Amino acid sequence: MQFPESWLRALANPDIDTEALSHRLTMAGLEVEETVPVAPPFSGVVVARIVDIAPHPDADKLRVCQVDDGSGAPLQIVCGAPNAAKGLKVPLARVGAELPGDIRIGPVKMRGVESAGMLCSARELGLSQDHAGLLELEADAPVGQPLREALDLDDMLFTLKLTPNRADCLSILGVAREVSALTGCELIQ
């Protein structure tokens, strides 16, 4: 069974850290096989909105996007994603951003046009294997907000190995009840 730690803590939030919680569950018979971050480490990526889009003057498959990153001045980004469209909210790796795979973003010229960052797919951020286009964000995502905060990517993912005699813990509420009983914290329903 897998679940994010934030789901569990929304129902039962003991005053102990992730490692101690994992140990307490394992000692109670709910073996925690692993706890891993929901997303790999990356920095310098924010929510951005494509304000305008135009064809690249020297490349058929590239487009030049004007992007609002919340800094006040639009950035020019060259992008080849097929789903790039005016008004779309997407992740923007600003100049200086560090992405999974030791990729550092810097200013570049793509076929003679300056690009001050990179619009990202889920694969480039290590969130999934989908690289068919840009990762489309919710329309109400605040422009300029760090992506890790907007998508709650600093959460931990628990993997429990349940035995047949613990059917009471086959739901997140069942695990929360167990945590409440083990730690004495309030069960929030």
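Numerical summary
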quantity: Spatially proximal lysines relative to residue 109 (Cα-Cα < 18 Å; intrachain offsets below 8 disregarded); calculated: 61
quantity: Calculated FRET value between residue 10 and residue 54, using beta carbons and R₀ = 45 Å, to 0.05; calculated: 0.50
quantity: Computed FRET value (nearest 0.05) for residue 149 with residue 111, which takes r as the C-beta separation and R₀ as 35 Å; calculated: 0.55
quantity: Kirkwood hydrodynamic radius of the chain, from inverse mean 1/r over distinct Cα pairs, in Å; calculated: 18.8 Å
quantity: Contour minus Cα-Cα distance for residue 123 and residue 186 (0.36 nm per residue); calculated: 18.8 nm
quantity: Dipole of segment 1-127, positive direction: furthest Cα of 116, 103, 30, with charges on the beta-carbon; calculated: 116
quantity: Local net charge near residue 93, Cβ-Cβ under 14 Å (Lys/Arg +1, Asp/Glu -1); calculated: 0
quantity: Environment charge of residue 46, counting only residues whose C-beta is closer than 12 Å and scoring Lys/Arg +1, Asp/Glu -1; calculated: +1
quantity: Separation of the residue 66 and residue 103 label points, Cα + 7 Å toward Cβ, nm; calculated: 2.7 nm
quantity: Extension gain, residue 23 back to residue 85 (0.36 nm per residue minus Cα-Cα distance, nm); calculated: 17.6 nm
quantity: Additional length obtainable on full extension of the chain from residue 76 to residue 31, 0.36 nm per residue less Cα span; calculated: 11.2 nm
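A short reminder: the numbers here are calculations on the coordinates, not readings from a lab. Keep in mind the model is a prediction, meaning the values are calculated, not measured. Quick reminder, even Gly has a Cβ in these numbers, built from the backbone with ideal geometry, and neighbours come from all protein chains shown.
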